[in-house]
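Here's the structure we're looking at; comments come further down.
The values are calculated or read from the model by the stated rules, or taken from the named source; none is laboratory data. In this text, all values refer to a predicted model and were calculated from it rather than measured experimentally. Virtual Cβ from ideal backbone geometry, glycine too; neighbours counted across all protein chains shown. The area values use the complete protein model at the heavy-atom level, side chains included, leaving out ligands, DNA and RNA. Shrake-Rupley method; radii C 1.70, N 1.55, O 1.52, S 1.80 Å.
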Amino acid sequence: MKADPRGVLTGVHFIDGDHACCEGALAAGARFAAGYPITPSTEVVERFASRVPTVGGTFIQMEDELAASITLQGAVWGGAKAFTVTSGPGFSLMMEHIGYAAMTETPCVFVDVQRGGPSTGLPTLPAQADMMQARWGSHGDYEIIALCPNSPQECFDLTIKAFNLAEEFRVPVMFMMDEVVGHMTEKVVIPPADQIEVTPRRHTRKSVDNYLPYETNGDMVPDMAHAGEGYKFHVTGLTHDEHGYPNMTPPVQDKLVRRLQNKIRAAADRIAMFEEQNLGDAEVVVVSYGITSRVAQRAIDLARQKGLKVGKLRLITAWPFPENKIRELSLKVKAFVVPELNLGQMVHEVERAAAGKAKTFAVSHAGGSVHHPEDILKVIVEASR
Amino acid sequence: MQLTEIRVAGFGGQGVILSAIVLGKAASIYQGAFATMTQNFGPEARGGACSAQLIVSDSPVLYPYVSQPDILVVMSQEASNRFVSELKDGGTLIVEQDLVRVSELKGNVKVYSVPATRIAEELGKRMVLNSVMVGFFTAVTHLLEPDAVRKAVADSVPASFRDLNLKAFERGFEYGATAQAVSPQSLEDAGVAYAQE
């Protein structure tokens, strides 16, 4: 369906990534956010708090991140599209409820504007060191989706995508920004509402009497009830059967948890988004994401000027990791070079998928700034030998 | 427009960030080029050191930070002391002449000075000193089309202050249209520099 024009600020703007993310959420139909302010993410909810009353919605500043991350899920079950916004220290506090959202299949979006860590680290400076936490931060087996914008324009476009994926798969989607992208101001084009596709909630078509909250009906994703229309449902973080009630037996656990994984894994190739360039003749492929992909582009351009056969694979979805793409490339390239603003996270996934068929080089950075393109270039040259 | 790195620096409350937004908007929205702005500021809302980095180019901007500005605008002494040494050889330095005394300049830098605060006060509101500065910048650098910048000023300020800001832009622009670049060697005579002991 098309976006509700009330939430769409159609026009050409010069705004930062945080504000663009907020506009993306409004365009996607988000009408509820709960948050606890934290640099460098605060501008997202600041703008949401001032904009959402004009389109009919609510922002609540909660007492902490635990409260924010569960309040938004209440809003979702009440029928709203909802999200929260945070940075590293707050993201850590939200992990319990990310697991809850995965287990209860609550469609929602968690925006993490990454800054230097661990702990309170570098509040106003960038990092990309929450990438593994986004995937594995909560206990138990589950799958999530994570997107990595590299510009304010993508903060707008991909926030809409994040909400759409959340609704389609009933999964918490991690929106993994970084401080540079969040605070960087560039031109952002917001199209008219009738050009923005939004995914509606998967509401059941079954009658009140025939509805089971976690019945999948041949699909891998169950449909939700309309709150307040007489449907009976129960939501729990305990292992549950199709009725939504606790049923803590190994067979039910096996069926449920495998489905939570498989609904994403089976669709991984369809969900995966990446940008590729010069992969045809590439001997070395630079794999990057977020702000680092722009710095890497400069290194790639310099390397190609030197005559090196370098290609680019920019991850737009980090999770599910596009392992088939890496596997396929590993059969024909010499090496992967993986710059990221951490001491090595997604590089391990690249290495795992390459499975020894191609070498993998990390270009690590502890955060606080971005790489110098020359540092990436040096490793490209080394990898090309 | 070839890739040009710009830093605007001063203290919070002078409209440092807004002037970079206006210039970036002019380049990317009204002139069809690309612009990327990032900013640094202290915890204070006003009075703290504040600077904006703006990169404009005909092609998409990849690296987000300014390393060696081609153009440096300094509106406070602290900003001048901190950033003047970064200026590129042959670059352009624009100073708020009543607030900044520059020193330790490289030989081939072009220096332009403007009493932006005083001009803004003459217009009745010191607050519009940034629009004076943007006008002056537009005239002396020839980097952006004046009409593009006028449009960007008009849609970046509250409606009730639009006319005043446009007037401030014109005053700065006129001042810049007749301004002469001063070489570092003759700065002292021009009253914008002091020799360090």
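Being crowded, with 16+ Cβ neighbours inside 10 Å, in contact with a Lys or Arg (Cβ under 8 Å, 6 or more places away or on another chain) and away from chain A (no Cβ under 14 Å): is that true of B:LEU54 here?
The answer is no for B:LEU54.
So for region B:37-46 (the condition being within 14 Å of chain A (Cβ to nearest Cβ), in a strand (DSSP E or B), in contact with a Cys (Cβ under 6 Å, 6 or more places away or on another chain) and open to solvent by 50 Å² or more (accessible area, probe 1.4 Å)), does at least one residue qualify?
Looking through region B:37-46, at least one residue is within 14 Å of chain A (Cβ to nearest Cβ), in a strand (DSSP E or B), in contact with a Cys (Cβ under 6 Å, 6 or more places away or on another chain) and open to solvent by 50 Å² or more (accessible area, probe 1.4 Å).
Filter region B:77-93 for residues that are within 19 Å of B:TYR65 (Cα to Cα) and part of a loop (DSSP other than H, G, I, E, B) and give the result.
B:LEU87, B:LYS88, B:ASP89, B:GLY91
Do the conditions hold for A:GLY17, that is, is it within 14 Å of chain B (Cβ to nearest Cβ) and under 30 Å from B:ILE29 (Cα atoms)?
yes
Between B:ILE71, B:ILE21, B:ILE17, which is under 14 Å from B:MET133 (Cβ atoms) and either open to solvent by 50 Å² or more (accessible area, probe 1.4 Å) or more than 13 Å from every other protein chain (Cβ to nearest Cβ) (or both)?
B:ILE71
For A:GLU197, are the conditions met, namely being open to solvent by 40 Å² or more (accessible area, probe 1.4 Å) and in contact (Cβ under 8 Å) with a residue 40 or more places away in the chain?
Answer is yes for this residue.
Looking at A:ASP4, is it touching a residue at least 40 places away in the same chain (Cβ under 8 Å), under 24 Å from B:LEU18 (Cα atoms) and charged (D, E, K, R)?
The answer is no for A:ASP4.
Do we have any residue at all in region A:265-272 that's away from every other protein chain (no Cβ under 14 Å), within 30 Å of A:LEU125 (Cβ to Cβ) and among the acidic types (Asp, Glu)?
No, there is no match, as no residue in region A:265-272 is away from every other protein chain (no Cβ under 14 Å), within 30 Å of A:LEU125 (Cβ to Cβ) and among the acidic types (Asp, Glu).
Quick one: A:THR159 ticks every box in (1) within 28 Å of B:MET37 (Cα to Cα); (2) open to solvent by 20 Å² or more (accessible area, probe 1.4 Å) except a single one, so which number is it?
If we test A:THR159 against (1) within 28 Å of B:MET37 (Cα to Cα); (2) open to solvent by 20 Å² or more (accessible area, probe 1.4 Å), just (2) comes out false.
Kindly indicate whether any position in region A:172-185 is more than 14 Å from every other protein chain (Cβ to nearest Cβ) and of a type in the set (Asp, Glu).
The answer is no, given that none of the residues of region A:172-185 is more than 14 Å from every other protein chain (Cβ to nearest Cβ) and of a type in the set (Asp, Glu).
Which residue is farthest from B:LYS25 (Cα to Cα), if the candidates are limited to region A:130-152 and must be in contact with a Gly (Cβ under 9 Å, 6 or more places away or on another chain) and open to solvent by 40 Å² or more (accessible area, probe 1.4 Å)?
A:GLY140
Exactly one condition in (1) under 20 Å from A:LYS81 (Cα atoms); (2) open to solvent by 50 Å² or more (accessible area, probe 1.4 Å) is false for A:MET248; which is it?
Of (1) under 20 Å from A:LYS81 (Cα atoms); (2) open to solvent by 50 Å² or more (accessible area, probe 1.4 Å), only one is false for A:MET248: (1).
Please go through region A:146-171 and give me each residue that is more than 14 Å from every other protein chain (Cβ to nearest Cβ) and not in a helix (DSSP H, G or I), ordered by number.
A:ALA146, A:LEU147, A:CYS148, A:ARG170, A:VAL171
Taking the criterion of being in contact with a Leu (Cβ under 8 Å, 6 or more places away or on another chain) and of a type outside the set (Ser, Thr, Tyr), would at least one residue in region A:337-345 satisfy it?
Within region A:337-345, none of the residues are in contact with a Leu (Cβ under 8 Å, 6 or more places away or on another chain) and of a type outside the set (Ser, Thr, Tyr).
Scan region A:251-280 residue by residue and report those that are out of contact with any strand residue (DSSP E or B) (no Cβ under 7 Å at 6 or more places or on another chain), open to solvent by less than 70 Å² (accessible area, probe 1.4 Å) and closer than 20 Å to A:ALA354 by Cα.
A:ALA268
Out of all the residues in region B:78-114, which are over 27 Å from B:ALA177 (Cβ atoms) and open to solvent by less than 60 Å² (accessible area, probe 1.4 Å)?
Matches in region B:78-114: B:GLU86, B:SER103.
Considering only region A:228-243, state which residues are more than 27 Å from the chain's Cα centre (by Cα) and surrounded by 13 or more Cβ atoms within 10 Å (Cβ to Cβ).
A:TYR231, A:PHE233, A:ASP241, A:GLU242, A:HIS243
If only one of A:GLU197, A:GLU179, A:GLU154 is out of contact with any Lys or Arg (no Cβ under 8 Å at 6 or more places or on another chain) and modelled with pLDDT of 95 or more, which one is it?
The match here is A:GLU154.
How about region B:24-34: which of its residues are facing chain A (nearest Cβ under 7 Å) and open to solvent by less than 20 Å² (accessible area, probe 1.4 Å)?
Of everything in region B:24-34, those that are facing chain A (nearest Cβ under 7 Å) and open to solvent by less than 20 Å² (accessible area, probe 1.4 Å) turn out to be B:GLY24, B:SER28.
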